Amino acid sequence: MSVRIVIGAQFGDEAKGKITDYLAADARYVVRTGGGPNAGHSIHLPEGLVVLHQLASGVLRHGVTGVSGPGMVLNPSRLEEELEDLERRQLLRGEVVLSDRAHVILPLHEIEDAWEDELRTQRDPAANLGTTRRGIGPAYADRAGRWGLRMADLTRPAVLRARLDLLYATKAQVPGLPPQEELAAQLSEVGGRLAPLIRPTEPMLWDAVARGESVLLEGAQSALLDLDFGTYPFVTSSHPTSAGALVGSGLPPTEVDEVIGVAKAYATRVGAGPFPTEESGPLGEFLRRVGGERGATTGRARRCGWLDLAMLRYVARLNGLTSWAITKVDVLGGLEQVPVSVRYELPDGSTIRDVLPSQAEDLAQARPVYEQLEGWPEFHERLKERIRREGAAALPASLRSFLERVGRETGVPVEYLGYGPGRDETLRLNVPLTQTTRGHRSAGSG
Ligand code: GDP
C-alpha cells in the first residue's frame, strides 16, 4: 500500500479531519504528526458529531490504529477526557497508541500561554496571536529548550520528578504555578493509567510500511501557519507541512507516495495575521453563517474570505502536493459568481503569484486581484443523491470548471471533493480533472 500525508493548505479548519477519516477507510495506521489540543478535527458520523483534539482521526474506524505521534504535544488529562468521551459514546473503534517521544503539556504551560498572550497584547494589541491558550507554544518552547517532559517520563516517577524540578527552575517568573509536588503526584497517576498506550511508535510504523500496509499521516493546523514558512509571527509553534509530518512521525521521505493538500473552496482564518482575501462585509458574514465558521475548539467566529490561488500555489510548491481535496463547495452553492484571487499586486506595482513574502507586514499590503468564476447551483438533497449515485458525472459543469481551474493554476489535480459535512459527502473524482506534470492519478471511486 502506501504512505500518504494529509495537510491543511490554508489557515486551518479546512476539514482535514473529515478527509482523513474518509481516507482512513483503507488505512491500517493514522498518525497525528504535530500540534496538540489546539486542533479540533470534526467528523460527522451517523451517531453524531465527534471533535478529535489529540487523537488521530483513524480511531473511529475498526482495524485502524490511531497514533498520537512524536511531533505532538499532549495534555494527558485532556487526553483521558477525550478517550472517556469516545468510550462512553461507544465510538472508540480503533486502537490508540501514544508516542513515548511526544512532549507533555502541563497546567503551567496553559498559565504561561495566557500570561504571554496578555503580555503581547499589552505591548501592542495588534500583536495578539489569538492562541487557544492551551499551552501549545510554551510546551514546544520547552521542548526546544531541552527541559520539557515527554510521555515516557510520566511512567517513571524518579525521572519525572527530576525533569519537573529543572522545569520549575526555569519558570520562576511565571505567576500562579501549582505546587511542584502536587503536580508530580498527579502526573504519575495519569502516567500510570496511560502507560499501556505509551510506546515507541517509529519502529511500529517502519514495520508496517515494510509489510506494505497503508499509513496516513494527518497534519493539524495548516501549512500557512507553519512556524518557519507561514505568516510569522502569526503562526503555530510546530511544522504543519509535509516535511513536518515526517519529523512528527519518524517516517523517511523516501517512503511517501502522496501528499494531499486540503483546502476549502473559499478561505477562513482564526486569530490575527494577514489575510488578503478577507471579506469583512455582508459576504463574509454569509460565508460564516452558511459555512458554520466557528472554531471547533474555541467556538470563536472565523474570519472569512475567498479562495486565494497565490497561497495555494505556494503551499503546493512548499509541500510537493500530489493532489487537492477541495472541501465545502456546497457552501458556495447558489452564488451567481464565485470570486477567486489569481494573484496579488503590491504597492510598488510588483505582482506575486506563488511566493509569499517572509514579512507578514508585506503580505498585509498585498491587494488580491479577483476573477469572477461562474457559480454553481445550491446543493439540495436531490443533487447530493445524484452525486452519491453517479459520482463526478453528476457535478454541475461550472463546479467542474472551477475545480479544473484550481488544478491548472496550481499544477496539482483535484482528486477529492467535499460537498457536505456528512461522512458520505466526500467524492473521489474517478476521472482526473486536470492533466499536470505532477499528476500520477489512478482511476477509481470511493
Ligand atoms: P479540521 O480541523 O481541518 O478538521 O476542520 P474543522 O473540523 O475545524 O472544520 C471543518 C468544519 O466543516 C466541520 O464543522 C465539518 O463538519 C465541516 N465540513 C467538512 N467538510 C464539509 C463540506 O464539504 N461541506 C460542509 N458544508 N461542511 C463541511
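Run the 1.4 Å probe and let me know the accessible area of HIS53, rounded to the nearest 10 Å².
40 Å²
If you average 1/r over all unlike Cα pairs in region 80-199 and invert the result, what Kirkwood radius do you get in angstrom? Kindly include the intermediate steps, with their values, before the conclusion.
Working: mean 1/r = 0.0635 Å⁻¹.
After inverting the pairwise mean of 1/r, the radius is 15.8 Å.
Using a probe radius of 1.4 Å on heavy atoms only, what accessible surface per residue do you get for the chain? Whole Å² is fine. Don't jump to the answer; show the numbers that get you there.
Working: 18080 Å² over 446 residues.
With all protein chains present, the chain gives 41 Å² per residue.
HN-Hα J couplings of region 376-381 from phi, Karplus 6.51/-1.76/1.60, θ = phi - 60°, integer Hz, Gly and Pro as x?
10, x, 5, 8, 5, 4
What are the residues whose amide H is under 5 Å from the amide H of LYS264, where those residues sit 5 or more places off or on another chain and H is modelled from the backbone?
Residues meeting the amide H criterion: THR327.
Suppose accessible area is computed on protein heavy atoms with a 1.4 Å probe; arrange ARG386, ARG367 from highest to lowest. Display every interim value, and only then the final one.
Numbers: ARG386 100, ARG367 130 Å².
The most accessible residue leads, giving ARG367, ARG386.
How far, in nm, would the chain grow between ARG353 and GLU84 when pulled straight, counting 0.36 nm per residue and subtracting the alpha carbon separation?
On the way: separation 269, 0.36 × 269 = 96.84 nm, distance 4.70 nm.
In short, 92.1 nm is gained.
In terms of modelled amide H atoms, which long-range or inter-chain residues lie less than 5 Å from the amide H of GLU374?
HN-HN under 5 Å from GLU374: VAL338.
What's the tally of Lys pairs in the chain whose alpha-carbon atoms lie under 16 angstrom apart, where the two lysines are 8 or more places apart or on different chains? Before the final figure, lay out each step's value.
Working: LYS16/LYS264; LYS16/LYS328; LYS18/LYS264; LYS18/LYS328; LYS264/LYS328; LYS328/LYS384.
So the count works out to 6.
With charges only on Cβ, +1 for K and R and -1 for D and E, what is the dipole size of the chain about its Cα centre, in debye, rounded to 20?
Numbers: 51 positive and 58 negative charges, 124 e Å.
Dipole size: approximately 600 debye.
For ARG408, ARG123, what's the largest-to-smallest order of accessible area, 1.4 Å probe?
Details: ARG408 155, ARG123 205 Å².
Largest accessible area first, the list is ARG123, ARG408.
Sequence-distant or interchain residues sharing an amide H contact under 5 Å with LEU149, placed H: which?
VAL104
Can you compute 3J(HN,Hα) from phi for each residue in region 198-207, using the Karplus curve 6.51 cos²θ - 1.76 cosθ + 1.60 with θ = phi - 60°, rounded to whole Hz and x for Gly and Pro?
For region 198-207, the Karplus-derived couplings read 8, 7, x, 9, 5, x, 4, 6, 4, 5 Hz, x marking Gly and Pro.
Using only the alpha carbons, work out the radius of gyration and Dmax of the chain in angstrom.
Using the Cα atoms of the chain, the pair Rg, Dmax is 21.6, 65 Å.
Residue by residue, what Karplus-based ³J(HN,Hα) values in Hz, rounded to whole numbers, does region 104-112 have, using 6.51, -1.76 and 1.60 with θ = phi - 60° and x for Gly and Pro?
9, 8, 9, x, 5, 5, 5, 4, 4
Given a 1.4 Å probe and heavy atoms of the protein chains only, how would you sort ASP362, ASP228, ASP142, largest accessible area at the top?
Output order, biggest surface exposure first: ASP228, ASP362, ASP142.
Rounded to the nearest 0.05, what FRET efficiency is calculated for LEU49 and ARG389 with R0 set to 35 Å and r the Cβ-Cβ distance? Mind dumping the intermediate values first?
Working: r = 26 Å, r/R0 = 0.74.
Working from the Cβ atoms, E equals 0.85.
For an R0 of 35 angstrom, estimate the FRET efficiency from the Cβ-Cβ distance between TRP115 and LEU197 and round to the nearest 0.05. Present the calculation step by step, with values, prior to reporting the outcome.
On the way: r = 31 Å, r/R0 = 0.89.
Taking R0 as 35 Å, the efficiency between TRP115 and LEU197 is 0.65.
The values are calculated or read from the model by the stated rules, or taken from the named source; none is laboratory data. All values derive from a computational prediction rather than experimental measurement. Every residue, glycine as well, gets a Cβ built from its backbone with ideal geometry; the counts of neighbours run over all protein chains shown. For the accessible areas, the whole protein counts, side chains as well, though only heavy atoms, and no ligand, DNA or RNA atoms are used. Shrake-Rupley method; radii C 1.70, N 1.55, O 1.52, S 1.80 Å.
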